[in-house]
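Read through the structure below, which is laid out as structure tokens, and then see the notes.
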Amino acid sequence: MKDRAFPDVTSGWLLDQLLGVRGRPPETGRGPVTLRAVESLSDGPYHVPWAGASKRERRDLLRVHLPPAVGFTTSGHTGSPRLWVRTRDQLLAEVGLLSELLGTGGIDGIIAFAPLHHLYGFLGSFLLPAINGIDAWFWPMQYQHSVRFRGIARPLFVAIPSALPRLERQADGLSSYEHVTIVHSTAILPPAGRRLLRKLTPDRLTLVELFGSTETGLAAVRRNSATDAAPWELAPDVQALPPTSGKEGSLCLRSPRLAFDERGNQLSEWRPYDVVRFSTPRRFIFEGRRSTLVKVNGQRVHLTQVEPLIGDAIPCLDLACVPAKDELRGEGYDVLIVRDPQRPVSATEARRTCSAVLRDIGPPRSVRLVTTIARTSTGKVRLGSVAEL
């Protein structure tokens, strides 16, 4: 039975909205087609009935409409967005890896929160269901709906950070499925993800975390991790240089799926803003992202690990810890809180609670109540916007 809340759209309409092209793009003589961030694809729910098309029909559709090179812009988390290009072969190779990692042969519906104009969303919300012939429902975060979708027994949820609290609140609905797979793509899993793992047993829930970026694509993976210190395993076609066992340092990656720049030059290697420690040549512990690592009174503080401590103590709609320059200590961090109108706290209460909760870590430079926190479409804080608050 169809869910009227998610109207059917054709694959042709979806491709035209996303790529802005009709027919087969020329193989030569033009640059990459950059994915478009259009409201029709992000503001409302819709359903794409991929299962109704034969394998040949889906293959021919992608052969005709998927350009030889596709451009993706970075999220703009740490600065101005930048364009990176991936070839059709790279994209299809990555979907092959994801299909194996996620076990798409046992999935009968894909419910996607990830916007299609970013690499993660394009792969998980669009190409993955298209190539595997699995019906897909796009569920925008501003749209309220039950987590239970009719006619599905073994769904895959393509999640973003803000989707995990929603899924956790509806854990009872998730438990009514035969099995649930959730895929999430950031180095730090929000606390709601771990709470979900405690609420649903491993035979009912598989939570797959992907480690990567627009520049690298999928770089590493882990499943049902108990803590942030759980190790990541490099993807089969990814090499780390040099994987010095037991030593902490910047991550350096090589892969045939590394992106091309706007001039058509492929990256030979990429050093993301990540600090890691390798335990074996192919397994590492993520220690933090340089943009969210600060030293407070000589102690290194990982801000994405501080946020859950505050969130558990202060009721709020959103919060963020962001790096800040401190006149006395050189560097520090600020806490931004969007109050929950149902359980509002005063600025004084928020500061007092933060001081108590963060006593062993080091106090923030400031605690501010704000009306909103600027984030990218994938949930990352726009640090440039925060600096202007």
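The values are calculated or read from the model by the stated rules, or taken from the named source; none is laboratory data. All values reported here derive from a predicted model rather than from experimental measurement. All Cβ positions, even for glycine, are placed from backbone atoms using ideal geometry, and neighbour counts span all protein chains on display. All accessible areas refer to the heavy atoms of the entire protein, side chains included, with ligands and DNA or RNA removed. Shrake-Rupley method; radii C 1.70, N 1.55, O 1.52, S 1.80 Å.
Assorted remarks:
- Any hit, the range 74-88, residues being touching a residue at least 40 places away in the same chain (Cβ under 8 Å), in a loop (DSSP other than H, G, I, E, B) and under 25 Å from Asp8 (Cα atoms): no
- Listed by position, the helices (runs of 4 or more DSSP H) enclosed by the range 118-223 that each have at least 3 residues that are of a type in the set (Lys, Arg) are 191-199.
- Taken over the range 175-198, the criterion of being over 14 Å from Asp228 (Cβ atoms) and touching a residue at least 40 places away in the same chain (Cβ under 8 Å) is satisfied by His179, Thr181, Val183, Ser185.
- Among the residues of the range 199-232, those identified as open to solvent by 30 Å² or more (accessible area, probe 1.4 Å) and either touching a Gly at 6+ places or on another chain (Cβ under 9 Å) or closer than 17 Å to Pro155 by Cα (or both) are Thr201, Pro202, Asp203, Arg204, Thr206, Arg223, Asn224.
- Which listed residue, of Ser346, Ser366, is surrounded by 13 or more Cβ atoms within 10 Å (Cβ to Cβ), small (Gly, Ala, Ser) and at pLDDT 90 or above: Ser366
- Residue within the range 239-246 that is open to solvent by 40 Å² or more (accessible area, probe 1.4 Å) and either without any contact (Cβ under 8 Å) to a residue 12 or more places away in the chain or hydrophobic (A, V, I, L, M, F, W, C) (or both) present: yes
- Once the range 63-74 is narrowed to residues that are open to solvent by 20 Å² or more (accessible area, probe 1.4 Å) and out of contact with any Pro (no Cβ under 6 Å at 6 or more places or on another chain), the residue that is modelled with the highest pLDDT is Pro68.
Matching residues to (1) modelled with pLDDT under 95; (2) surrounded by 21 or more Cβ atoms within 10 Å (Cβ to Cβ):
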residue	(1), (2)
Arg88	yes, no
Leu97	no, no
Leu128	no, yes
Trp137	no, yes
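- Scan of the range 155-178 for residues that are open to solvent by 30 Å² or more (accessible area, probe 1.4 Å) and within 21 Å of the chain's Cα centre (by Cα), ordered by number: Pro161, Ser162, Pro165, Arg169, Gln170
- Of all residues in the range 33-52 being in a loop (DSSP other than H, G, I, E, B) and in contact with a Phe, Trp or Tyr (Cβ under 8 Å, 6 or more places away or on another chain), the one that is modelled with the highest pLDDT: Pro45
- Scanning the range 41-53 for residues that are open to solvent by 50 Å² or more (accessible area, probe 1.4 Å) and not charged (D, E, K, R), we see that the one that is farthest from the chain's Cα centre (by Cα) is Gly52.
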